[in-house]
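Here is the structure we will look at.
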Amino acid sequence: MKVIFMGTPDFSVGTLEALIEAGHEVALVVTQPDKPKGRGGKMQYTPVKEVAVAHNIPVYQPKRIREPECIEELRKYNADIMVVIAFGQILPKEILEMTPYGCVNVHASLLPSYRGAAPIQWAVINGEKVSGVTTMQMNEGLDTGDMLLKVEIPLDEKETGGSLHDKLAEAGARLCVETLDALKAGTVTPEKQGDSPTAYAKMLDKHMGKIDWKMSAKEIERLIRGLNPWPSAYTRWNENDKGMKIWEAEVAEGQTGKAAGTVVEVAKDGFFVQTGDGLLKITALQIPGKKRMDAAAFLRGYQMETGTVL
């Protein structure tokens, strides 16, 4: 098929590469505008643009895809289909209906569960046992289009937002190629979505990472994994109110009667914190100006006393 591909971050890259490898003609890549990065403010390509440039595919970077001139630009390519994966802008009806096969979206959840911007991380935070990828025929709603194909991916006990991201990106790339083949062959039947059984998977922000120690140990442990690597879970420690990112933790049995957030035991390989329900053993962390380290290394260089309140 002749494809216009729309995507921006790392999650989109594997799907673009899979379409190229499968022999589809990617006539145009549409991605978000370049942004300055680092102290020097040097403009940086999006991950998808880097792949497009490497394959000599034309790149279009509109600030607002809904503008009439942007719509007309896309129309010039006479594509068979548009593939959209984490593009970052809402598409108008004129684009959704522009090509014979419409716009196919690759969404990182088992729709209708986890519609929204951050389905991967919320699946981990909420303790789901299974996630997956859905391809759908896009409509004007937010992740409400007819479902085409799905693939399920079980979550590991120590699954993080980052590890699930990579698994679903790989699965989504394969599923997208399979979906285009099925559409062309006429062997896929679109399925309407019902009501979503989960809350909208809202976008992440840094404030979400602040640990509320009144939550249960299980909830906090899942939050830590879900927000790894970004925006990460964090707390405060010592009299200078220094920040501490928590990268890994283990749920432990016990209820000490101490206030939530109190360090109740310090071992060689970690320290135990009382939560609203149960204990949480901190096993990997990071403090300002230092790299991520296991808790044993931290405790060899810094003092964490029993009774400290995080």
Subset tally (residues that are assigned to a loop (DSSP other than H, G, I, E, B) and surrounded by 17 or more Cβ atoms within 10 Å (Cβ to Cβ)) for segment 58-76: 2
Test result for Thr31, surrounded by 14 or more Cβ atoms within 10 Å (Cβ to Cβ), in contact with a Pro (Cβ under 8 Å, 6 or more places away or on another chain) and among the β-branched types (Val, Ile, Thr): no
In segment 22-56, the residues that are among the β-branched types (Val, Ile, Thr) and free of Cβ contacts under 8 Å to residues at least 24 places away in the same chain: Val53
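A quick yes/no check of all residues on (1) part of a strand (DSSP E or B); (2) of a type in the set (A, V, I, L, M, F, W, C):
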position: Leu204; (1), (2): no, yes
position: Asn228; (1), (2): no, no
position: Phe271; (1), (2): yes, yes
position: Leu280; (1), (2): yes, yes
position: Ala297; (1), (2): no, yes
Any hit, segment 138-145, residues being at pLDDT 95 or above and not in a loop (DSSP other than H, G, I, E, B): no
Residue among Glu191, Glu250, Glu219 that alone is within 30 Å of Glu25 (Cβ to Cβ) and among the charged types (D, E, K, R): Glu191
Test result for Gly127, closer than 20 Å to Val13 by Cβ and out of contact with any strand residue (DSSP E or B) (no Cβ under 8 Å at 6 or more places or on another chain): no
So Ala267, is it out of contact with any helix residue (DSSP H, G or I) (no Cβ under 8 Å at 6 or more places or on another chain), of a type in the set (A, V, I, L, M) and surrounded by fewer than 15 Cβ atoms within 10 Å (Cβ to Cβ): yes
Unique match (being without any contact (Cβ under 8 Å) to a residue 40 or more places away in the chain and touching a Lys or Arg at 6+ places or on another chain (Cβ under 8 Å)) among Asp80, Asp156, Asp143: Asp143
In segment 102-131, the residues that are buried (at least 24 other Cβ atoms within 10 Å of the Cβ) and more than 18 Å from Val84 (Cβ to Cβ): Gln121, Ala123, Val124, Ser131
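The values are calculated or read from the model by the stated rules, or taken from the named source; none is laboratory data. Because the structure is predicted, anything quoted here is derived from the model rather than measured. Backbone-built Cβ (ideal geometry, glycine too); neighbour counts: all protein chains shown.
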